[in-house]
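The values are calculated or read from the model by the stated rules, or taken from the named source; none is laboratory data. Only a predicted model underlies this, so the values are computations on that prediction, with no experimental measurement involved. Methodologically, a virtual Cβ is constructed for each residue, glycine included, from the backbone with ideal geometry; neighbour enumeration extends over all protein chains shown.
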Amino acid sequence: MLLEACFDSEEGSILDEIDEIMELIKKTWVVLGINQMLHNLCFMWILFNRFVATGQVDIDLLLAADNQLMEVAKDAKTTKDAAFTKILSSVLSTVMGWAEKRLLTYHDTFSADNIEYMQCIVSIGVSAAKILVEDISHEYRRKKRDVDVARGRVDAYIRSSLKTSFAQIMEKVDTTRRASKGHTTLPVLAILARDIGDLANKEKEIFSPLLKRWHPLAAGVAVATLHSCFGNELKQFISSVTDLTVDSIQVLKAADKLEKDLVRIAVEDSVDSEDGGKGLIREMPPFEAELAIVNLTKAWMKARVDRLRDWVDRTLQQEAWKPRENKERFAPSTAELLRLVDENLDAFFQLPIPMHPALLPDLISGLDRSLQHYVTKAKTGSGTRNAFIPPLPALTRVEIGSKLWKKKDKSQQQQRRKSQVGTTNAEGSLTLLQLCVRMNSIHHIRTELESLEKKVKTCLRNVECAQADITNGFDHKFELTLTACQEVIQQVCETTAYKVIFGDLSHVLWDSLYCVQASASRIDPLLKELDPNLETISTALHDRVRNRAITALMKASFDGFLLVLLAGGPSRSFTRQDSHLLEDDFKALKDLFLADGDGLPEELVEKAATQVKSILPLFQSDTGSLIERFKRLMAETHGVASKSRYPLPPTSGHWSPNDANTVLRVLCYRNDEAASKFLKKTYNLPKKL
């Protein structure tokens, strides 16, 4: 009651005459049994209680109570009075309870406007806690005073208050979402991440500088707490997300930004700490939001690529390979495929993700494989060049002086001819025009690859995370497709050529050319039917493919010409005099492709004709020279034959005047007694199959 005289009865503030009043009060201590320690405790309590009772607005009372508590702390370290200690513990527990009720949720109580009150209350709360723990607690003494009480209490205030604030923000965000009935522009966790970021900055700017007096890593502890709270919510979200959506990307991007901001604050706050902040960082296991975005994006890309591949399989089963109404005359499925690839690229770059350049190679690789799959499957059903080449008939010798070609035998010879020369086993259902459409389609894909690559570069420049030089090292090309286009076009060109020569024109090649009598069945019918095929190719094919296809047709016709001469079966025979007409016929065949200067370049034609031109002189050579050439070639390979017996030289398929098998075949078709006798003696070859 006496100490109450120190305060103004109306305003509650400390009187200016406090010192004089206090001297008078001290004179009563002897009578009342009061000493300095008890007085200090009582006066601290009166100051504190007066602050609370008067509406907690007079900060001078709070400052005075805090200063008086410092005196009480000194007394507590020296006293051994059990009764005083009991009273001290009771008073300080009440004071600390009041202070911590506010500090454990200090975000609800304090702001930038009343931060000075918080400083006083933290000081009082921490001082009371230190006295209770360090000077009264027996357990603390047993632990040899290795506990930093002030840091521990402030650490608890920070974590408790921020956890409470996090829960309040989360509830507020959820209430707002329910009130808007799901029509908010941002998903809940994205809004939460934004608000938590604001809270972290507020903590750093307003509260952490004050709390740093008692806890050197106040800001770090704060952001670690927020990181943990948000991380728990994010972990549940990531585990439930299976598809890449706008909402999921917004949440993960917001989480990634929040984490970077929180870690930055923690690192800045712990620069001067002993461990450099490693302890705090260990409290902040990565959200891995960016990894989640990467995984979701990869799953999105894989689904798109898989759908595209399935589309290719379905579409090519139905593709008729008929020219659509366009200048390049390619298949409808080709245009649709390129549209789908373009659409997938657009969709990828429209994704609101921060790592387009890093993930682009995976998408390009997937699209490249899909395009390659289309190109490779596009040749299915076309056959192969080797499938159209007939098997070579067994070697025979010409029957000299017989009436082999009498009319009554002619029909029989026609029937046997296919078995002599062989039949093609190729798939021959496709027309020449359909094969041309396939070549045009593949060529169109090849030409569009450059446009796709330019589009990718442009999109990379436009994405928000791309740097100015991101495209300088650009190497994400459709290499598999480019290689497949080059290979498949060449294969289809060759297949088409061999189909025309050995399939479509077999009736004028095998059934007519040089059959019965060379001079009576020359090359004109073949040239006549070959010409419209050339016209079809010239009209139907794109300019850039046309010459390749015609070149392949020329080479196939030259191969067919040689095959008739060297493996035409027993229905054919040649005299030395026939060599001139063979040369004339071959020149006519070359002229067809030269087309009086409007066809293939002369250098190209002459280069392709080199093999035929090297073999035609053999047909002009006399039989003796041919036999000697054959023996010399065999001796070079096998040595001198015993009893004039040589092993039958294998057929390599590479005709050459220096190939023993080639020379032997010229002898087999030589209508000459000497040749027939040599073949009979050396290999006992039959005259007929």
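Observations, loosely collected:
- Test: residue 572 is closer than 27 Å to residue 393 by Cβ, touching a Lys or Arg at 6+ places or on another chain (Cβ under 9 Å) and outside any helix (DSSP H, G or I): no
- Residue 679 being within 17 Å of residue 574 (Cα to Cα) and part of a helix (DSSP H, G or I): yes
- Qualifying residue in segment 635-646 (condition: buried (at least 19 other Cβ atoms within 10 Å of the Cβ) and part of a loop (DSSP other than H, G, I, E, B)): yes
- Checked against the criterion of being surrounded by fewer than 22 Cβ atoms within 10 Å (Cβ to Cβ), under 24 Å from residue 503 (Cα atoms), touching a helix residue (DSSP H, G or I) at 6+ places or on another chain (Cβ under 6 Å) and at pLDDT below 65, segment 405-424 contains one or more residues that satisfy it.
- Among (1) in a loop (DSSP other than H, G, I, E, B); (2) surrounded by 14 or more Cβ atoms within 10 Å (Cβ to Cβ); (3) among the hydroxyl-bearing types (Ser, Thr, Tyr), the one test that residue 652 misses: (2)
- Scanning segment 560-581 for residues that are free of Cβ contacts under 8 Å to residues at least 60 places away in the same chain and within 22 Å of residue 491 (Cβ to Cβ) yields a single hit, 560.
- For residue 213, the conditions (1) modelled with pLDDT of 90 or more; (2) assigned to a helix (DSSP H, G or I); (3) surrounded by fewer than 20 Cβ atoms within 10 Å (Cβ to Cβ) all hold with the exception of (2).
- Selection from segment 264-283 of residues that are surrounded by 19 or more Cβ atoms within 10 Å (Cβ to Cβ) and either assigned to a helix (DSSP H, G or I) or not assigned by TED's automatic domain parsing to the domain that holds residue 235 (or both): 265, 266, 269, 280
- Residues located in segment 261-277, provided they are closer than 16 Å to residue 203 by Cβ and in contact with a helix residue (DSSP H, G or I) (Cβ under 8 Å, 6 or more places away or on another chain): 261, 262, 263, 265, 266, 267, 268, 269, 270
- Taking the criterion of being touching a Ser or Thr at 6+ places or on another chain (Cβ under 7 Å) and not small (Gly, Ala, Ser), the residues of segment 492-503 that qualify are 492, 495, 501, 502.
- Flag if residue 395 is more than 34 Å from the chain's Cα centre (by Cα), modelled with pLDDT of 90 or more and over 19 Å from residue 322 (Cβ atoms): yes
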